[in-house]
Amino acid sequence: MTVSVSASRVALAGGIALSSVVLLSGTAFAHVSVQPQGEAAKGGYATVNIKVPNERDNASTVKLEVNFPLDHPLASVMPQPVPGWKAEVTKSKLSKPLELHGKKINEAVSKVTWTADGSKIGPGQFQQFPLSLGQLPEDTDELVLKAIQTYDNKEIVRWIEEAKEGADEPQNPAPVLKLSAASGDHHGAAATDAPTTAPSASASASASGDAKSGHDDKAGHHEEKTAAAASSSDTTARILGVIGILVGIAGVAFGVLAGRRRSA
């Protein structure tokens, strides 16, 4: 009888511990993040996804605001249309003009806001908001994009905390876009080895169209593979973590039962 009661207590305690760990691990992974699709090189252009998971089981996300640093300004931030969402781009005046392609730019994008327009991010769901960014700065290794997430129950979560070296990850970390080394092949740069004889207009248009089509196909395929790999990696990590916890709990229960039987 004593052994049975002890085993029940161990199982109950193990179940509570397991539930707590699973819940906490889910919260740790569920934060707004920015993921480059391909390369995000200094001085170049990039396509990124703002990934927004819904953390609540009783509310839906209906608004997202992403802020861009004006100390490392971006002259161009273009959102890709997302069905069921309305995007608004806000620009702000720069204290120091930005030079791009020989032109001075006095303002830059400071914020992009997505508002639900017939859609929402429900419990257990996530949404990606694609952006085209450029020209990326050359004087920093990362861009911190502070985000504000709003739920339909009026709750607001501010993803604005910056990580500090050597410290634990903040509770509400700001999305960070890591920049790779400059590739030297910036989009929009002038060609250095132009042919002396220009091709006909129709040939140029055809070649341009074929090249663009091939590029778009490859980019789309790459994005699908990247998203699938990221999703698979997150799922595998969580499953392995839960299996490890279950094995540990089973071992504790077995040890307690064995000890009780020897005592009896």
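General observations
- Accessible area (Å², 1.4 Å probe, nearest 10) - Lys42: 40
- Taking a ≥ b ≥ c as the square roots of the eigenvalues of the alpha carbon gyration tensor, the range 132-181 is oblate, as a/c is not under 1.5 and a/b does not beat b/c.
- Label zone of Glu142 (point 7 Å out along Cα→Cβ, amide N under 15 Å): in the range 54-89 this covers 69.
- Across Lys42/Lys104; Lys51/Lys104; Lys63/Lys103; Lys42/Lys164; Lys91/Lys154; Lys86/Lys164, pairs whose alpha-carbon gap is larger than 28 Å: Lys51/Lys104; Lys63/Lys103; Lys86/Lys164
- Given R0 = 22 Å, the distance between the Cβ atoms of Ile156 and Phe126 translates into a calculated FRET efficiency of 0.75.
- In this structure the range 134-188 gives 63 Å² per residue of accessible area when probed at 1.4 Å with all protein chains present.
- Between Met78 and Asn106, the simple label model (points 7 Å from Cα in the Cβ direction) yields a spacing of 2.4 nm.
- Averaging the sequence gap over all C-alpha pairs within less than 8 Å and six or more residues apart, then dividing by the number of residues, gives the range 56-115 a relative contact order of 45 percent.
The values are calculated or read from the model by the stated rules, or taken from the named source; none is laboratory data. Since the model is a prediction, treat every value here as computed from it, not as a measurement. Counting neighbours? That spans all protein chains shown, and the Cβs are built from the backbone with ideal geometry, glycine included. Just so you know, the surface numbers come from the protein's heavy atoms only, side chains and all, with ligands and any DNA or RNA stripped out. Shrake-Rupley method; radii C 1.70, N 1.55, O 1.52, S 1.80 Å.
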